Amino acid sequence: MLSACFLQAAETRFSLNPVDLIIIILYFVLVLGLGVYLRRFTKTAEEFFMAGREMTMWVAGLSFISANLGSLEMMGYAAATYQYGILVAHAYWIGAIPAILFLALVMLPFYYICKTHSVPGYLKLRFGEGARSLSALSFAVMTILMSGINMYSMAIIMKVILGWNIHFSIWVSSLTVAIYVATGGLLSAIFNEVLQFFLIWIGCLVIPVVGLIETHGWAGMVHRIQANFPGQDFMHMWSTTGTFSNNPMGAHWTGIVFGWGLAISFGYWTTDFLVVQRVMAAKDLRSAQLGTIIGGFFKMTVPLIVILPGLLALAVLPYHLVPESQGGLPNVHTYNEALPLMLARYCGPGLLGLGVTALVAGFMSGMAGNVTAFTTVWTYDIYKPLIRKDASESHCVSMGRWCSLLGVFVSIGTAYLVMNFSSIIVYAQVIFVFFIVPMFGTVILGMLWKRTTPAAGFWGLLAGILTSFALWLWVKVDPGALNFVAFSGYAKDMSENMYRAMWSLIANVLVTVVVSLVTKPKPDHELRGLVYGMTDLPSEHAFPIFQRPITWAAAVGVGFIALNIFFW
Amino acid sequence: MEKQSISVWFFIGALLAIYGVLILGSGIYGLFVPPNHAVAMSHLHIGIWWGSGMVLFGTGYIVRFRPR
């Protein structure tokens, strides 16, 4: 059965050799073995849900970035690069680095000092049960939905590229994640994510290395792209964003800076518990901060294995890829196949197995991130406060283990749901992106402005969520609304998302401020450890300058500015 | 972290070294028996270089982080 499912690949675009199969199977065996091995170290709730808060900065940092490096993201952004060019690298630079550094230097101390188990847990301490329940329930639903969508996307790719049976792909990959997360909890997820980080990099780095040799360097690649797509500018990040119609994305710099760089990026990187949980598991605050900065550095370099393959596809593929809606015909390849096609182009026996393992590892790290975040939020922010208030620690651990399995099964159900309604993929991404944006407004106002009241926390969050849904619906019902929502009818999906995020954040902040001004704030003594000015933040001065987070954050910041200038 | 007897870095080193041996071996085999469908830039024999690098990297990690 196993070999039959794998060997169907021989009839599809990739031809897997026995050595490729050994590499893939060996990977599954190792991740399962790691989960079983680590079970003995996850007896208490703190160990299961927070990995004992004993991670070193390197482990926390690599896990932080690996949880974000899912297969959907890798293949999706490579596809988007083929479509929009290097503009997509904004997702890795302005769409990530400022927010990651802000998390490390400003927000992490509050998360860490108040010893909360989750971001909704912080909202409980700061604003009370209303804001916590709203954020926890939304987050749980979105996490499971995203997990299922990731799973379905992975299975589709395995079917299209390798010819694997779609049900086989879903069940084998998902059950592997379920077993290692349920046995080893966050510790197992983090260890596997570090392993997956190496596999993703080593597996995907083949493409840019060999690709740049084939094109005779960067200049040769640019020349080939210009020859293949005359009149289109795929190679500038800022200089073409002065008008909406001057770049393939239909983007304007205001949307990139305020929508992507501020609203979406800060929402995702500072309040999405999926990534924040990884660095909250660090052994101390300084390790958490430095781990986040290490993650930021590697995030800045991810375009090497995601954006560059997309650009190389523009340069070297002898045919043009088409949108998904035009796919399905013989010898017609879609944007989403850009990364796998480049793997197939350069990777012979052995390396192909490694590349496929990298994609599977990406899927697993993304899914394990969703499942562990869901498990913690469900147990600590929904089950214990709302369903069983007297739950003991051992009961919580048991709930966590079962919840991991349940989360995976519900995700599988979601994947099958998505299979029947494929447009849900698009909708769910929109819903997911816009749920976390208002969360950022609520959390940051709560952290930095002590006047923010519990009622404002709840109503501001609700207003942000409703605004994002309302704007999305408006454009769906009346496409002409794009001229108001995104300021231009030229705006494509990604550009539209940026502006919707900006409006959502503005609505959240406005409602939070207005409600705060007319309702009663919490007394000062209840805000200690939660709000800037009311919290004793540890000083860095005891450490040499090269061991201080601010030093390394500055170094990453300089690299970020240099990259933007270089690719201006 | 400290209470784990085997470091995560050791696992990583072991896996990369094993993968490196497989990819290197496959690359050397390809030198003598070329595959039916050659990939682009196959004259670089990238598998040999990549596999060798992985073996070195993985072995380094195994030695550095071996259980004591």
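The values are calculated or read from the model by the stated rules, or taken from the named source; none is laboratory data. Keep in mind the model is a prediction, meaning the values are calculated, not measured. Counting neighbours? That spans all protein chains shown, and the Cβs are built from the backbone with ideal geometry, glycine included.
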Return only the number of the condition from (1) of a type in the set (A, V, I, L, M, F, W, C); (2) modelled with pLDDT under 85; (3) more than 30 Å from A:Phe48 (Cβ to Cβ); (4) buried (at least 24 other Cβ atoms within 10 Å of the Cβ) that A:Val181 does not satisfy.
-> (3)
Evaluate the following for B:Pro67: is it more than 7 Å from chain A (Cβ to nearest Cβ), of a type outside the set (A, V, I, L, M, F, W, C) and touching a residue at least 60 places away in the same chain (Cβ under 8 Å)?
-> yes
Take the stretch A:202-219 and flag every residue that is in contact with a helix residue (DSSP H, G or I) (Cβ under 8 Å, 6 or more places away or on another chain) and more than 10 Å from every other protein chain (Cβ to nearest Cβ).
-> A:Cys204, A:Ile207, A:Pro208, A:Leu212, A:Thr215, A:Trp218
Residues in the stretch A:266-291 that are under 14 Å from the mean Cα position of the chain (by Cα) and not hydrophobic (A, V, I, L, M, F, W, C): how many?
-> 7
Note: among A:Ile94, A:Ile166, just one is at pLDDT 90 or above and either of a type in the set (S, T, N, Q) or surrounded by fewer than 24 Cβ atoms within 10 Å (Cβ to Cβ) (or both), namely A:Ile94
Of all the residues that make up the stretch A:163-185, how many are within 13 Å of chain B (Cβ to nearest Cβ) and either among the polar types (S, T, N, Q) or touching a Lys or Arg at 6+ places or on another chain (Cβ under 8 Å) (or both)?
-> 1
Among the residues of the stretch A:246-283 satisfying the criterion of being in a loop (DSSP other than H, G, I, E, B) and either within 14 Å of chain B (Cβ to nearest Cβ) or hydroxyl-bearing (Ser, Thr, Tyr) (or both), which is surrounded by the most Cβ atoms within 10 Å (Cβ to Cβ)?
-> A:Ala281
Residue that is modelled with the highest pLDDT, among those in the stretch B:37-64 that are over 12 Å from the mean Cα position of the chain (by Cα) and facing another protein chain (nearest Cβ under 7 Å) | B:Ile46
Name, by its number, the condition in (1) of a type outside the set (Asp, Glu); (2) touching a residue at least 40 places away in the same chain (Cβ under 8 Å); (3) within 14 Å of chain B (Cβ to nearest Cβ) that does not hold for A:Pro318.
-> (2)
Test each condition in (1) polar (S, T, N, Q); (2) within 14 Å of chain B (Cβ to nearest Cβ); (3) within 17 Å of A:Ala178 (Cα to Cα) for A:Thr357 and report the one that comes out false.
-> (3)
Which of the helices (runs of 4 or more DSSP H) contained wholly in the stretch A:449-548 include at least 3 residues that are touching a Gly at 6+ places or on another chain (Cβ under 9 Å) and either surrounded by 14 or more Cβ atoms within 10 Å (Cβ to Cβ) or of a type in the set (Phe, Trp, Tyr) (or both)?
-> A:454-477, A:493-518
Of all residues in the stretch B:1-22 being at the interface with another protein chain (Cβ under 7 Å from one of its Cβ atoms) and farther than 19 Å from A:Ile23 by Cβ, the one that is surrounded by the most Cβ atoms within 10 Å (Cβ to Cβ) | B:Val8
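Residue-by-condition table, conditions (1) more than 14 Å from chain B (Cβ to nearest Cβ); (2) closer than 30 Å to A:Gly128 by Cβ; (3) part of a helix (DSSP H, G or I):
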{"residue": "A:Arg345", "(1), (2), (3)": "no, no, yes"}
{"residue": "A:Gly348", "(1), (2), (3)": "no, no, no"}
{"residue": "A:Ala361", "(1), (2), (3)": "no, no, yes"}
{"residue": "A:Gly366", "(1), (2), (3)": "yes, no, yes"}
{"residue": "A:Phe374", "(1), (2), (3)": "yes, yes, yes"}
{"residue": "A:Tyr383", "(1), (2), (3)": "yes, yes, yes"}
Has the stretch A:89-100 got any residue that is part of a helix (DSSP H, G or I) and more than 30 Å from A:His236 (Cβ to Cβ)?
-> no
In the stretch B:23-36, how many residues are surrounded by fewer than 16 Cβ atoms within 10 Å (Cβ to Cβ) and either more than 8 Å from chain A (Cβ to nearest Cβ) or under 23 Å from A:Leu212 (Cβ atoms) (or both)?
-> 6
